[in-house]
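Asker: Pasting in a structure now, in structure tokens, and then I'll have a few things to ask.
The values are calculated or read from the model by the stated rules, or taken from the named source; none is laboratory data. Keep in mind the model is a prediction, meaning the values are calculated, not measured. Because the Cβ atoms are built from the backbone with ideal geometry, glycine has one as well, and the counts that use them run over all protein chains shown. Surface areas here come from the heavy atoms of the whole protein model, side chains and all, with no ligands, DNA or RNA. Shrake-Rupley method; radii C 1.70, N 1.55, O 1.52, S 1.80 Å.
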Amino acid sequence: LAQSKKVDFDNDILPILTKARCNTAACHGSAAGRGGFKLSLYGGNPTADYDAIVREYAGRRIQHSDPRLSLLLAKPTGDMEHGGNVRLDADGRHNQAIVRWIKQGAKRQSDGSKLARLEVRADKTFVPRIPAITQIHAVAIYENGQRRDVNDLAVFTADDDAAVTVDENGKVTLQRRGRHNVIVRFLTEVVAITFTAPLYDEPIDLSDAHRANFIDEEVYNTLAELRLPPSLPADSFTMLRRLHLDLTGQPPAREDIARLERLMESSDEKSRAAWISEVVNDLLESEALTDYWTFQFGQWLRVGPAGTSPEYAQSYHNWLRSHVQRGTPLNKLAADLVTANGSEGPATFYRAAPDARGQAEHFSEVLMGVRLRCANCHNHPLDRWTQDDYHGLAAIFATLEKGKSIRYTGRGEVSHPATGAAAMAKIPSGTF
């Protein structure tokens, strides 16, 4: 920060505390805090953090007459005993920024810029050989259009530090072949970036490989990037077994194998292609496929969880089976679940959880493919979900009446633990 610039609490001070690991779950960001000092996890609640730093403890954490004597600085710099050891360099730029903030009055003034998103790139994400070094660049983009290099404030975490290491400024060293991720965090934004070191030194040419569809394109592009030769084509017996297992969950019957053996007497590729098409069509029309995929969807949608009566679970199962049999598109299936009312069938989706918060967790896991539950008590430590997202989604489900019949009433609320007030309904990641 330039010496003359006003220091902003939300955008300048909170990232420093996160960078120093002061507000992690292992330190003052835990549910109970540490040593009587509690911060929100990763700075997710700036208002509460400001109050804790400036107003709590009779204001003794801030020393206006001599900022360096402030408890906020004396402990992490090692001038006073501190259970978290030294977290800030007394002569470093982060410590100096906090000193300037206190000298400016330790106010929570804001320049009006709120973080919109975090943009992350690297000098190179593909390295032909290891060990290799590259650099991550993190740029914060604010709602007013301002762009800011935040490499000195972002937190970089490798998913496997035996394969890749990253220093506090985003310098990456790849030490093992394969694909590896680095997580970049700044305030509430979390972005993952993937680095690839091919498994072999010599490139492979897959330009002549047959590509029948976009899935083949993805597979061959990945194999070429990893320099990994593709497996040989499956023989007919392997193909038959895979088709049956993938579509029905069962191995082929004796008569299916016998038919294949007769076909094998012919070496005509067209005959083999026609046979595969015939097998697939037969399986797609089979009761075995309907049974198997009803079971699979039943597992994913948690048909018959604890607390749901056998009668409700059976009606849910029957409804699901009818849609699998008809080949209902997944978006239509999801829409029918979300808008369901009544006592049976898809309305049973709303009986899987006892209350609105449980329903938000159930909905997010089943239909969003994410886990929101960490955001109940604090912003998610490994993703972008916030407490507003969690309780905003719960507020939507609070408007349902869950008696003998499920119905939308438009009434009901859940309280937001950070404010004690009723949570405002919102879609996760969206607006209120």
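Asker: Identify, from the list 163, 154, 132, 106, the residue that is touching a residue at least 40 places away in the same chain (Cβ under 8 Å), surrounded by 15 or more Cβ atoms within 10 Å (Cβ to Cβ) and over 30 Å from residue 71 (Cβ atoms).
Answerer: Sole residue among the options that is touching a residue at least 40 places away in the same chain (Cβ under 8 Å), surrounded by 15 or more Cβ atoms within 10 Å (Cβ to Cβ) and over 30 Å from residue 71 (Cβ atoms): 132.
Asker: Take the conditions over 20 Å from residue 397 (Cα atoms), in a helix (DSSP H, G or I) and touching a residue at least 24 places away in the same chain (Cβ under 8 Å) and apply them to residue 334. Does it pass?
Answerer: So residue 334 does not fit the description; no.
Asker: Let me confirm something: among 105, 83, 78, which residue is over 26 Å from residue 166 (Cα atoms) and out of contact with any Ser or Thr (no Cβ under 9 Å at 6 or more places or on another chain)?
Answerer: 105
Asker: Which one of 48, 58, 32, 52 is not charged (D, E, K, R) and not in a helix (DSSP H, G or I)?
Answerer: 32
Asker: Is there a residue in segment 155-164 that is hydroxyl-bearing (Ser, Thr, Tyr), in contact with an Asp or Glu (Cβ under 6 Å, 6 or more places away or on another chain), at negative phi and not in a loop (DSSP other than H, G, I, E, B)?
Answerer: no
Asker: Can you name the number of the only condition in (1) among the small types (Gly, Ala, Ser); (2) under 18 Å from residue 398 (Cα atoms); (3) open to solvent by 20 Å² or more (accessible area, probe 1.4 Å) that residue 353 fails?
Answerer: Going through the list (1) among the small types (Gly, Ala, Ser); (2) under 18 Å from residue 398 (Cα atoms); (3) open to solvent by 20 Å² or more (accessible area, probe 1.4 Å), residue 353 breaks only (3).
Asker: Something else about it: Applying the selection to segment 337-350, what residues are of a type in the set (A, V, I, L, M), in a helix (DSSP H, G or I) and open to solvent by less than 40 Å² (accessible area, probe 1.4 Å)?
Answerer: Once the filter is applied, which keeps residues that are of a type in the set (A, V, I, L, M), in a helix (DSSP H, G or I) and open to solvent by less than 40 Å² (accessible area, probe 1.4 Å), segment 337-350 yields 337, 347.
Asker: Restricting the search to segment 19-35, which residues are surrounded by fewer than 22 Cβ atoms within 10 Å (Cβ to Cβ) and either under 18 Å from residue 382 (Cβ atoms) or charged (D, E, K, R) (or both)?
Answerer: Selection gives 19, 21, 24, 25, 26, 27, 30, 31, 34.
Asker: Counting only residues that are farther than 16 Å from residue 152 by Cα, assigned to a loop (DSSP other than H, G, I, E, B) and charged (D, E, K, R), which one in segment 76-101 is most open to solvent (accessible area, probe 1.4 Å)?
Answerer: 81
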